[in-house]
Amino acid sequence: MALTVGVNTYVTEAELAAYALARGITIVGDLDVLRTKAMDYLEALEESWQAKRTDAAQALAWPRYPVYIYGSLQTSTAIPQQLKNGQMQLAIEADTQSLIPT
């Protein structure tokens, strides 16, 4: 499975690997599968987020507009680093546990 940033993931495989390495975490699962599980979780949260999709036809919930981070208006194409970090943290957690109850 090939994931594409902006189509079915917010982060690259390299970003996830570097994020884990910087925290001394060894990922044993398939990075694409883990990123997909993390995206499934994040996409389920869309209704709780403020702002609206930049384009109604976009594949993922982000980018959104208007989005303010620490009082600063973000561009309509921005994917906040906090969201990317969230996907990577969820992917790491998905390596050892289920994120979504069955």
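All other residues whose Cβ lies under 14 angstrom from that of Tyr19 are scored, Lys and Arg at +1 and Asp and Glu at -1, for a net of -1. Solvent-accessible area per residue in the chain equals 61 Å², computed with a 1.4 angstrom probe and all protein chains kept. Expressed as a whole percent, the accessible surface of the chain that belongs to carbon and sulfur atoms is 56, based on a 1.4 Å probe.
Couplings 3J(HN,Hα) of the range 41-55, computed from phi: 5, 4, 5, 5, 8, 3, 5, 8, 8, 7, 6, 10, 4, 5, 9 Hz, in residue order, whole Hz [Karplus 6.51 cos²θ - 1.76 cosθ + 1.60, θ = phi - 60°; x for Gly and Pro].
Estimated purely from DSSP H runs of n ≥ 4, each contributing -39500 (n - 2.57), the mean residue ellipticity at 222 nm for the chain is -11500 deg cm²/dmol once divided by its residues. When the residues Lys52, Lys37 are ordered by accessible surface, computed with a 1.4 Å probe over the protein chains alone, the sequence from largest down reads Lys52, Lys37. What is the distance in Å between the Cα centres of the range 56-100 and the range 25-54? The range 56-100 and the range 25-54 have Cα centres spaced 8 Å from each other. Excluding Glu47 itself, what net charge comes from residues whose Cβ is under 15 Å from its Cβ, given Lys and Arg +1 and Asp and Glu -1? Neighbour charge sum, excluding Glu47 itself: 0.
The values are calculated or read from the model by the stated rules, or taken from the named source; none is laboratory data. None of the values given here were measured: they were computed from a predicted structure. Backbone-built Cβ (ideal geometry, glycine too); neighbour counts: all protein chains shown. To get the accessible areas, we keep the full protein, side chains included, count just its heavy atoms, and leave off ligands, DNA and RNA. Shrake-Rupley method; radii C 1.70, N 1.55, O 1.52, S 1.80 Å.
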